[in-house]
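Peer 1: I'd like to ask you about the structure that follows.
The values are calculated or read from the model by the stated rules, or taken from the named source; none is laboratory data. Predicted model only: the values in this text are computed from it and were never measured. Note: ideal-geometry Cβ built from the backbone for every residue, glycine included; neighbour counts use all protein chains shown.
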Amino acid sequence: MALLEVKDLHARVEEKEILRGLNLTINPGEVHAIMGPNGSGKSTLSYVLAGKDDYEVTGGSATLDGEDLLELEPDERAAKGLFLAFQYPIEIPGVASMTFLRTAVNSVRKKRGEEELSTPDFLRLVRERAKELNIKDDMLKRPVNVGFSGGEKKRNEILQMALLEPKMCVLDETDSGLDIDALKIVADGVNRLRAKNRGFLVITHYQRLLDHIVPDVVHVMARGKIVRTGGPELAHELEAKGYAGYENAA
Amino acid sequence: MPAVQETVERVKSIDVDQYKYGFETKIEVEKAPKGLDESTVRFISAKKNEPEWMLEWRLEAFRRWKTMQEPEWARVHYQKIDYQDLYYYAAPKKQAGPKSLDELDPEILETYKKLGIPLQEQEILAGVAEENRVYSKVAVDAVFDSVSVVTTFKEELKKAGVLFMSISEAIREHPELVKKYLGSVVPVTDNFFATLNSAVFSDGSFVYVPKGVRCPMELSTYFRINEKQTGQFERTLIIADEGAYVSYLEGCTAPSRDENQLHAAVVELVALDNAEIKYSTVQNWYPGDAQGKGGVYNFVTKRGDCRGNGSKISWTQVETGSAITWKYPSCILRGDNSQGEFYSIAISNGHQQVDSGTKMIHLGKNTSSRIISKGIAAGVSQNTYRGQVSAHRKATNARNFTNCDSLLIGDKCGAHTTPYIEAKSSSAVFEHEATTSKISDDMLFYCRQRGLSAEEAVALVVNGFVKDVLQHLPMEFAVEAQKLIAISLEGSVG
Ligand SMILES: Nc1ncnc2c1ncn2[C@@H]1O[C@H](COP(=O)(O)OP(=O)(O)OP(=O)(O)O)[C@@H](O)[C@H]1O
Ligand SMILES: [Mg+2]
């Protein structure tokens, strides 16, 4: 069975139709990349999948492991294993990152019917994952994303992903704002999480991320739908030729 | 529906059931006739077997009050109070004054039990450590409508030389202390509500900690308004003599009623040389229903006088209840090197209106003050911080640090900050920081994407917001206060 199955998805925001009949099937273990011009609806797709308010689904379906995603509350979707690494991570003043991570991990575990982690176990786990992503202890003590550099915010997203152990990871331009070393660190972090029961949807504008996270399938999105699908070579072609011709394809 | 929109909708649907203290106790009571004139004042004084001087004091306050106008400068709106349509005295019939626990009306005992207030003098709490909480004994003075019904641990306190009793008792048993200090911090003529209180105050707590004594346990008073249309006018007087220390906490609740209930308290603190008083409040009067009907009008005058050199007074408040809160716990920094602190969490939800803050009046040399205020507004509530920091000409090297933050939940509520700063001494250094933030839909969505429910998300953000203040509450009450905060914001998000 497909891990993520999106069929003829239509969605609008503020009366404006953004997704216009989008189809996408991701099987367990696969990494898919979506590329496409600015404003084509990539972030919108990620928000609709995650259940953001204001994004109204007007047609079609989306399932995770065969279960209707669109009926669920955002936190239920997260508990079911959907994770979204935000294009623009949100700052939460006053809440220490460590507290946030712990609350998130335990909420998800509770909803999955698992035991909460003890404080020492949790700390050990966080330290380990943080180290892999070159995230310093000091950053974990600071309020979530507040005053973090662009790159730090993105690494923090991957840390959350690693801790929440999702089934389906959607990464929205996680590479933007990263320097060359950080890009490598983040890509390694993602690659470590690749597993046969886990799927990835990587939204990006640049081939260089896909040099590190090699996708199984590459899609081109334009005007709210997938207009072309191919292998990794498609990304190279786009890098060379740009999106000329796709703007009108839809 | 956007989360914030839902927030507003949910807040609208808050009903009185959420206020878990909204029950009423059925007991027989004795009341003064409705309305207020000299005979009411005489009635109250007589009921309490007060000496002549006390009656005179009250009557003078009453005469003065008749010439005064209700203040209108606060950012609160309410229907005019008809002072003749209230009862000024209501006492459980079975007892006229504080008794021992065995004699207490079982109905009243049951009430305090329901409120979770330990009236038993048991040792169960002593020394039990749980989750890093170290419980200690807490002595309680329980005030029910107009009278104090019981004070616990009196004997043990007496051994340490600490006087802890109802103010009525203190007037009879320690007139010299009461005469000396009552009205010495909040003068009889101070303001409309304080003057009214001076005329008709019914009961409250009295504490005297003698020289060099560190009070061996937390002291606390729990106020409960039970009777309909009855004003509660309590009076608290705390004196810490030279080098003494005391930590005191007050809690308050009221049943859910359709009509508004008036509460006009006066609290006076006096700290002599090198003494320290820590005064904490967890205010949870009935806030009114979803339509803004009912709820307590809370007009309170609280002031501490750092009379001695090197003295310190610290106010910590968690304000979650009342339809209207009008309250400015203040410090007069009279002694050289004295310190004043004000730590506040004020939450308004539904139709609540809060106008609260503090005054730090620097008179002595090298005095310092610190203000940390956290206002949280949800629903269609209005939340105002009003603060005054002033330095007298002679207050050289006065220091103040003020930090006042507001958090908005939803977009139909309001937060306002009104600081007045006045330095007549050129060496004064006053710092003021203020921020306003909002729990936005984006923030909620981000948290929910990480698995938190909407309520968990709000609790997380709010706890982060208030933690600097919560840590100043006595350990025993911090956990309770945290729960209370969560409850009072229940339903504030979808
Ligand atoms: N809340 C909103 N209100 C109005 N329009 C919106 C809203 N959110 C998205 N849109 C519009 O929807 C379209 C798609 O936006 P989206 O963010 O999904 O594009 P994207 O493919 O992620 O672009 P980029 O590559 O720049 O990140 C844009 O035209 C955008 O302006
Ligand atoms: Mg985007």
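Peer 1: Restricting the search to segment A:11-61, which residues are within 10 Å of ligand 1 (Cβ to nearest atom), part of a loop (DSSP other than H, G, I, E, B) and over 21 Å from B:GLN449 (Cα atoms)?
Peer 2: A:GLU14, A:GLU15, A:GLY36, A:PRO37, A:ASN38, A:GLY39, A:SER40, listed by residue number.
This table checks each residue for (1) within 16 Å of ligand 2 (Cβ to nearest atom); (2) surrounded by 15 or more Cβ atoms within 10 Å (Cβ to Cβ).
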| residue | (1), (2) |
| --- | --- |
| A:VAL6 | no, yes |
| A:GLY29 | no, no |
| A:LEU45 | yes, yes |
| A:LEU69 | no, yes |
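Peer 1: What number of residues within segment A:172-189 are closer than 25 Å to A:ASN106 by Cα and touching a Phe, Trp or Tyr at 6+ places or on another chain (Cβ under 7 Å)?
Peer 2: Total satisfying the criteria: 1.
Peer 1: If you check every pair at least six apart or on different chains, which have Cβ atoms under 6 Å apart with a residue in segment B:409-426 that is more than 14 Å from B:ASP355 (Cβ to Cβ) first and a residue that is among the basic types (Lys, Arg) second?
Peer 2: So the pair list comes out as B:LYS424/B:ARG393; B:SER425/B:ARG393.
Peer 1: Just checking, which of A:ILE135, A:ILE185 is more than 14 Å from chain B (Cβ to nearest Cβ), more than 16 Å from ligand 2 (Cβ to nearest atom) and within 22 Å of A:ALA235 (Cα to Cα)?
Peer 2: Working: A:ILE135 fails: within 22 Å of A:ALA235 (Cα to Cα).
Just a single option satisfies the conditions, and that option is A:ILE185.
Peer 1: Checking A:GLU165 against (1) within 14 Å of chain B (Cβ to nearest Cβ); (2) of a type in the set (Asp, Glu); (3) more than 18 Å from A:VAL105 (Cα to Cα); (4) more than 16 Å from ligand 1 (Cβ to nearest atom): exactly one of these is not met. Which one?
Peer 2: (3)
Peer 1: Just one of (1) crowded, with 18+ Cβ neighbours inside 10 Å; (2) away from ligand 1 (no atom under 16 Å from the Cβ) trips up A:LYS111, so point out which.
Peer 2: (1)
Peer 1: What pairs can you find where one residue is in segment A:32-58 and at positive phi, the other is of a type in the set (A, V, I, L, M, F, W, C) and within 11 Å of ligand 1 (Cβ to nearest atom), and their Cβ atoms are less than 8 Å apart, with a gap of 6+ or different chains?
Peer 2: Hits for this filter: A:GLY36/A:MET221; A:GLY36/A:ALA222; A:GLY41/A:ILE18; A:GLY41/A:LEU19; A:GLY41/A:MET221; A:ASP54/A:VAL13.
Peer 1: Further question on the same structure: Out of all the residues in segment A:61-109, which are aliphatic (A, V, I, L, M) and more than 7 Å from chain B (Cβ to nearest Cβ)?
Peer 2: Those that are aliphatic (A, V, I, L, M) and more than 7 Å from chain B (Cβ to nearest Cβ): A:ALA62, A:LEU64, A:LEU69, A:LEU70, A:LEU72, A:LEU82, A:ALA85, A:ALA96, A:MET98, A:LEU101, A:VAL105.
Peer 1: Would you check if there is a residue in segment A:26-40 being in contact with a helix residue (DSSP H, G or I) (Cβ under 8 Å, 6 or more places away or on another chain), at pLDDT below 95 and closer than 16 Å to B:CYS447 by Cα?
Peer 2: no
Peer 1: Can you say whether B:TYR446 is within 12 Å of another protein chain (Cβ to nearest Cβ) and of a type in the set (Phe, Trp, Tyr), as far as the supplied structure shows? Walk me through how you get there before you give the answer.
Peer 2: On the way: within 12 Å of another protein chain (Cβ to nearest Cβ): yes; of a type in the set (Phe, Trp, Tyr): yes.
When the stated conditions are applied, B:TYR446 passes them.
Peer 1: Does B:ARG386 satisfy the criteria of being within 23 Å of the chain's Cα centre (by Cα) and crowded, with 19+ Cβ neighbours inside 10 Å? Give the steps one after another, and end with the answer.
Peer 2: Working: within 23 Å of the chain's Cα centre (by Cα): yes; crowded, with 19+ Cβ neighbours inside 10 Å: yes.
Yes; evaluated as a whole, the condition is true for this residue.
Peer 1: What pairs can you find where one residue is in segment A:197-214 and within 14 Å of another protein chain (Cβ to nearest Cβ) and more than 18 Å from A:TYR47 (Cβ to Cβ), the other is away from ligand 2 (no atom under 16 Å from the Cβ) and assigned to a loop (DSSP other than H, G, I, E, B), and their Cβ atoms are less than 7 Å apart, with a gap of 6+ or different chains?
Peer 2: Qualifying pairs under 7 Å: none.
Peer 1: Can you work out which of the residues in segment B:429-443 that are β-branched (Val, Ile, Thr) and over 29 Å from A:GLY81 (Cα atoms) is farthest from the other protein chains (Cβ to nearest Cβ)?
Peer 2: Our first condition is that a residue be β-branched (Val, Ile, Thr); within segment B:429-443, this holds for B:429, B:435-436, B:439.
Within this subset, residues satisfying the condition of being over 29 Å from A:GLY81 (Cα atoms) are B:429, B:435-436.
Values: B:VAL429: 26, B:THR435: 8, B:THR436: 11 Å.
Going through the qualifying residues, I end up with B:VAL429.
Peer 1: Quick check on my filter: what residues within segment A:146-164 are modelled with pLDDT of 95 or more and either within 16 Å of ligand 2 (Cβ to nearest atom) or not in a helix (DSSP H, G or I) (or both)?
Peer 2: A:GLU157
Peer 1: Could you tell me whether A:ASP188 is modelled with pLDDT under 95, farther than 22 Å from A:LEU64 by Cβ and buried (at least 21 other Cβ atoms within 10 Å of the Cβ)? Steps first, please.
Peer 2: On the way: modelled with pLDDT under 95: yes; farther than 22 Å from A:LEU64 by Cβ: yes; buried (at least 21 other Cβ atoms within 10 Å of the Cβ): no.
Answer is no for this residue.
Peer 1: Next question. Condition first: within 16 Å of ligand 1 (Cβ to nearest atom) and either among the β-branched types (Val, Ile, Thr) or more than 12 Å from the chain's Cα centre (by Cα) (or both). Can you find one or more residues in segment A:62-69 that meet it? Reasoning before the result, please.
Peer 2: The first filter runs over segment A:62-69 and keeps only residues within 16 Å of ligand 1 (Cβ to nearest atom), leaving A:62.
Of the ones still in play, those that are also either among the β-branched types (Val, Ile, Thr) or more than 12 Å from the chain's Cα centre (by Cα) (or both) are A:62.
Checked against the condition, which is being within 16 Å of ligand 1 (Cβ to nearest atom) and either among the β-branched types (Val, Ile, Thr) or more than 12 Å from the chain's Cα centre (by Cα) (or both), segment A:62-69 yields at least one hit.
Peer 1: Go through segment B:388-406 and count every residue that is in contact with a Lys or Arg (Cβ under 7 Å, 6 or more places away or on another chain) and assigned to a strand (DSSP E or B).
Peer 2: Here the count works out to 4.
Peer 1: Can you go through B:VAL462, B:VAL469 and tell me which one is within 14 Å of another protein chain (Cβ to nearest Cβ) and either free of Cβ contacts under 8 Å to residues at least 12 places away in the same chain or more than 22 Å from A:LEU101 (Cα to Cα) (or both)?
Peer 2: On the way: B:VAL462 fails: either free of Cβ contacts under 8 Å to residues at least 12 places away in the same chain or more than 22 Å from A:LEU101 (Cα to Cα) (or both).
Testing whether each residue is within 14 Å of another protein chain (Cβ to nearest Cβ) and either free of Cβ contacts under 8 Å to residues at least 12 places away in the same chain or more than 22 Å from A:LEU101 (Cα to Cα) (or both) leaves just B:VAL469.
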